[in-house]
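Just below is one structure, and these are the notes that go with it.
The values are calculated or read from the model by the stated rules, or taken from the named source; none is laboratory data. Owing to the predicted nature of the structure, the values given are computational and were not obtained by experimental measurement. Note that each Cβ is placed from the backbone with ideal geometry, even for glycine, and that neighbours are counted across all protein chains shown.
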Amino acid sequence: MNQEPVNLSSAVSDLRRERGPLVVLAWAAVALTLCEYFLLPGAVFKLWPDFSRELAPGVDAGAWGLRRPGAQAPWWGVLWPWAWWSGGLVALWVLVPLAIARFQGLKPAQLGLGLAGAASKWRIYLLLLALVSPAVAWAATRESFTGTYPFLRPEYCQQWCWLVLLSYWGLYALQFFSVEFFFRGWMLFSLERRFGLGAIAVMVVPYCMIHYHKPLPEALGAIIAGIVLGWMAMKTRSIWGGLAVHLAVALGMDALSLARGGQLPTQFFP
């Protein structure tokens, strides 16, 4: 058997031939690493400690009552860590992938941003939501979940209210859009050209890994959810149905966790 040459010329040739999936997977690795070290909400207290403690002293201390003496903050300051997180994901997981896709000759509509396919299968997505709803209700009774969700906790705030919670949920929804586009949109449809249906399996590996900070049942469930939502996205050519299910589950988990602890807001404004 003749061995292939191992030299700079062969390396360049291989890179050119497989540049599509190589660029996608390389950026996925970079983007997930940057998220882990620089974008998670706690990172702002390391990057800009004084500024972040001034805006969100309750988050920094673990509770508003534990903040340093005399510390005050605007009502919206508590949202700062999650605004950084969501905005960073939009930049790294949406805008950069869109730029890469443009150079690869892919239009946004080819990356799952079309609505028609998902809208025509709304009954299937509704069924998926119905199937996972019992698991969400069960999770809301487990301390491993209620200790995790919601990320923004009432004790971080001077005045816990619906305006704070709804603003946070808006940022949370933006984060989920970034997740769905990155994994079930850009990665899936870019890799489909090389791997076909196997692109779902490639996408699921990093997708399940971003759940390693979560409770074990959720991390394992992410594997199944990633495969199912990936297959649905590929069949409908759209991420919107999966995003709707993902949002309903996540916001439902937050609401049930708060309700179970008697922590739903009692006033709209601060």
**Report entry** Single match in 5, 69, 81 (criterion: assigned to a helix (DSSP H, G or I) and either at pLDDT 95 or above or more than 27 Å from residue 179 (Cα to Cα) (or both))
**Finding:** 81
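Quick grid of which residues meet (1) in contact with a Ser or Thr (Cβ under 6 Å, 6 or more places away or on another chain); (2) surrounded by 14 or more Cβ atoms within 10 Å (Cβ to Cβ); (3) charged (D, E, K, R):
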site	(1), (2), (3)
80	no, yes, no
83	no, yes, no
87	no, yes, no
96	no, yes, no
106	no, yes, no
110	no, yes, no
114	yes, yes, no
119	no, no, no
123	no, no, yes
**Report entry** Per-region count, segment 187-216, residues in contact (Cβ under 8 Å) with a residue 40 or more places away in the chain, buried (at least 17 other Cβ atoms within 10 Å of the Cβ) and in a helix (DSSP H, G or I)
**Finding:** 8
**Report entry** Residues satisfying the stated conditions in segment 130-143, i.e. surrounded by 16 or more Cβ atoms within 10 Å (Cβ to Cβ) and assigned to a helix (DSSP H, G or I)
**Finding:** 132, 136, 139
Query raised in the report: Just to be sure, is residue 184 over 20 Å from the mean Cα position of the chain (by Cα) and in a helix (DSSP H, G or I)?
Result: no
Report summary line: From the option list 71, 109, 101, single residue qualifying as within 28 Å of residue 21 (Cβ to Cβ) and in contact with a Pro (Cβ under 9 Å, 6 or more places away or on another chain) is 101
Query raised in the report: From 88, 105, 42, which residue is at pLDDT below 95 and within 30 Å of residue 224 (Cα to Cα)?
Result: 42
Requested in this report: State whether the residues of segment 238-246 include one that is at pLDDT 95 or above and outside any helix (DSSP H, G or I).
Outcome: yes
Report task. Look at residue 167 and say whether it is among the small types (Gly, Ala, Ser) and over 26 Å from residue 81 (Cβ atoms). Result -> no
Query raised in the report: Just wondering, is there one or more residues in segment 151-174 that are free of Cβ contacts under 8 Å to residues at least 60 places away in the same chain, assigned to a helix (DSSP H, G or I), small (Gly, Ala, Ser) and more than 20 Å from residue 41 (Cβ to Cβ)?
Result: no
Report summary line: Subset of segment 24-68, residues closer than 30 Å to residue 193 by Cα and among the small types (Gly, Ala, Ser), comes to 26, 28, 29, 31
Report summary line: With the first residue restricted to segment 1-24 and required to be within 28 Å of residue 190 (Cα to Cα) and surrounded by 10 or more Cβ atoms within 10 Å (Cβ to Cβ), and the second required to be modelled with pLDDT of 75 or more and among the polar types (S, T, N, Q), Cβ contacts under 8 Å at 6 or more apart or on different chains are 20/104; 20/190; 21/190; 23/104; 24/190
Query raised in the report: Is it the case that some residue within segment 217-236 is within 24 Å of residue 92 (Cα to Cα), of a type in the set (Lys, Arg) and in contact (Cβ under 8 Å) with a residue 40 or more places away in the chain?
Result: no
Report task. Examine segment 56-75 for a residue that is crowded, with 16+ Cβ neighbours inside 10 Å, without any contact (Cβ under 8 Å) to a residue 60 or more places away in the chain and among the aromatic types (Phe, Trp, Tyr), and state whether such a residue exists. Result -> no
